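The values are calculated or read from the model by the stated rules, or taken from the named source; none is laboratory data. Everything numeric here is computed off the predicted structure, so don't read it as measured data. Quick reminder, even Gly has a Cβ in these numbers, built from the backbone with ideal geometry, and neighbours come from all protein chains shown. Ligands, DNA and RNA are excluded from the accessible area calculation, which covers all protein heavy atoms including side chains. Shrake-Rupley method; radii C 1.70, N 1.55, O 1.52, S 1.80 Å.
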Amino acid sequence: MSDKKVKTRYAPSPTGFFHVGGARTALFNYLFAKHHNGKFILRFEDTDIERNVEGGIRSQYDNLIWMNIKPDESMMNPGQYSPYIQSEKLDRYKKLAYQLVEQKKAYYCFCTKEELDERRVNALKNGLTPKYDRKCYHLSNEEIQKKLNSNIPYTIRLKMPDDEIITWKDLIRGEMNIPTNSLTDPVIFKSNGYPMYNFAVVVDDYDMEITHVLRGEEHLSNTPYQIAIKKALGFDSQEIEYGHLSVIVDETGKKLSKRNLKLKQFIEDYKTMGFLPQAINNFLALLGWSPKELKEIFSLEELIKEFDISRVSKAPAFFDFNKMLWVGNEYFKKLEDQEYLKIIKGFLKINPNDICGNLDDLCLSYKKQISYATQLNDLINEQIINISINNLPPEAKEFITSDNFKKILDLLENKINKLSNLNFELSQNIINEIKTELNIKGKDLFMPIRLIVSCSMHGIELNKLMTFIGKEKILQNIKEYKK
């Protein structure tokens, strides 16, 4: 790293909501900037007006803040680099685009979409890479003026240099070399008066004094164009280092997309499920980055301290949902009890009348088992409220057909009938008494009792399970077993 002040940015388009891939990009830019005591800036690239989604900006901003990725400057906390929305600086882009035309570094293009599509098809038929043929570059000044006077729609194209090599040292992928002869003359200004992405992003990065750009590998093809535009604009004095993050793939090795119905695509989905933001950050940080320390749980402060761009891999990053569940569980286990209760009550949809015992005690009993808050509703419903011997798992057969099962059934019924109600201590006493009287232990004791009590092979501690299910429901289960 040089002595220059590090400035990174996250610059999403409001054409959708806060995607997992975008969240990782934002996080890596934030961690890189803060690791080097730099600034992290948020801006929005909204010039693709046909595809912008209503509420897209607000959603992305709110979810970024929820993840505790707080920009030093944004539309919500403006500073010296405003504005932070591209549509608010159209005059700036327009002035620079026409300046390039005047300098003969760019030119008007009057070709229609239909003409361009036809040439593209012909190029592909002939086995050629589709490139603009520079038809309009060769127009005379008289021809250009005539078309302008006739109000014929036009775009502005950058004249790419011939026979040059555009190079940059990618922070993740190393030396990159792209011959300009393999590139086309890109449109930098559209006929609707809006700049193209590659043009606007160069202007924005220059105006905001961005020093490092970390983004997805799908932007690799944009980088040589942006370097060429930067050079044409005379922005060479600003050195920008690029790093292109690997693609995130699912369990099939395909790029994470909405076609995979098993995995959620948006941070809002995981927020709604009740994942903790610190768990999301931790999980996303490990998608393509390997810490030096042999551990996997990091606070945001630790991530900032440990983040090293040289340890970011260019290999595809596997989105392992089971790993995400494990990380989420680790964070719930670390919470103080009162903080845990405060968080989960915003997601809890359990009627206290459907359980026996104290609801807070019940929630705390599941604290070490959940990975996200709404999971608590599912577990309580499955293991406490909506239990039935009709839903026994196939593996239960081994235990309910054993020699001890009927003995345990009768003994449990007899002991519970003698009590007016159950609590943790009384329930544990019953378990201990059955153990002693029948001289059985381990799974031969606990699994039959668990199946009798909750009709499930999994759950919280057995004495707590008995207490929350309650005397009446357990006796009803026993009656069903005896039919």
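Put simply, the amide H of residue 188, placed in the peptide plane, has neighbours under 5 Å in 156, 157, 158, leaving out anything fewer than 5 places away on its chain.
Determine the gain in length on full extension of the stretch residue 149-residue 479; use 0.36 nm per residue of separation and subtract their C-alpha separation, reporting nm with one decimal.
Between residue 149 and residue 479, full extension yields an extra 109.6 nm.
Couplings for the range 231-241, taken from phi via the Karplus curve 6.51 cos²θ - 1.76 cosθ + 1.60 with θ = phi - 60°, read 5, 5, 7, x, 8, 4, 5, 8, 8, 10, 9 Hz in order; Gly and Pro are left as x. Placing a label point 7 Å from the Cα of residue 137 along the Cα-to-Cβ line, no residue of the range 210-241 has its backbone N under 12 Å from it. With a Förster radius of 22 Å applied to the C-beta separation of residue 273 and residue 350, the computed FRET efficiency comes to 0.85. Here is the short version for the chain: 111, 356, 363, 455 have no other Cys C-beta closer than 4.7 Å.
For the chain, give the percent of accessible area contributed by carbon and sulfur heavy atoms, probe 1.4 Å, rounded to a whole number.
48
Order of 223-231, 147-155 by packing, highest average Cβ count within 10 Å first?
So the order, starting with the most tightly packed, is 223-231, 147-155.
Under 17 Å from a label point set 7 Å out along the Cα-to-Cβ vector of residue 209, the amide N atoms of the range 69-90 belong to 72-74, 78-84.
In the context of the full set of protein chains, residues of the chain present 50 Å² of accessible surface per residue (probe radius 1.4 Å, heavy atoms only). Here residue 77 and residue 290 are evaluated by their C-beta separation; at R0 = 22 Å the FRET efficiency comes out at 0.10. Taking amide H atoms as placed 1.01 Å from N in the peptide plane, the amide H of residue 7 lies under 5 Å from those of 39, 211, 212, each 5 or more residues away in sequence or on another chain.
The spacing between the range 99-114 and the range 145-194, judged by their C-alpha centroids, is 10 Å.
Per-residue 3J(HN,Hα) values for the range 150-160, derived from phi via the Karplus relation 6.51 cos²θ - 1.76 cosθ + 1.60 with θ = phi - 60°, read 8, 6, 6, x, 8, 10, 10, 10, 7, 7, 6 Hz in sequence order (x marks Gly and Pro). Across the range 197-211, computed HN-Hα scalar couplings (Karplus, 6.51 cos²θ - 1.76 cosθ + 1.60, θ = phi - 60°) run 3, 4, 6, 4, 5, 5, 4, 4, 4, 5, 4, 9, 6, 5, 10 Hz from first to last residue, x flagging Gly and Pro. With a cut-off of 12 Å on the backbone N, the residues of the range 181-210 near the modelled label site 7 Å out from residue 164 along Cα-Cβ are 181.
With a threshold of 19 Å on the Cα-Cα distance, the over-threshold entries among 443/482; 34/334; 342/368 are 443/482; 34/334. Straight Cα distances below 19 angstrom link residue 104 to the lysines 94, 95, 135, 146, 147, 159, 190, 230, 231, with same-chain residues fewer than 8 positions distant left out.
Stretching the chain fully between residue 49 and residue 338 yields a gain of 99.4 nm (0.36 nm per residue, less the alpha carbon separation). Taking amide hydrogens as placed 1.01 Å from N in the peptide plane, the amide H of residue 16 sits under 5 Å from those of 53, each at least 5 positions away in sequence or on another chain.
The distance between label points at residue 472 and residue 129 comes to 7.6 nm (points 7 Å beyond Cα on the Cα→Cβ vector). Using just its DSSP H runs of length 4 or more, each adding -39500 (n - 2.57), the chain gives a mean residue ellipticity at 222 nm of -12500 deg cm²/dmol after division by all residues.
Once each part is reduced to its C-alpha centroid, what is the distance from the range 70-89 to the range 375-400 in angstrom? About 53 Å separates the Cα centre of the range 70-89 from the one of the range 375-400. Using the Cβ-Cβ distance between residue 368 and residue 419 with R0 set to 30 Å, the FRET efficiency works out to roughly 0.60.
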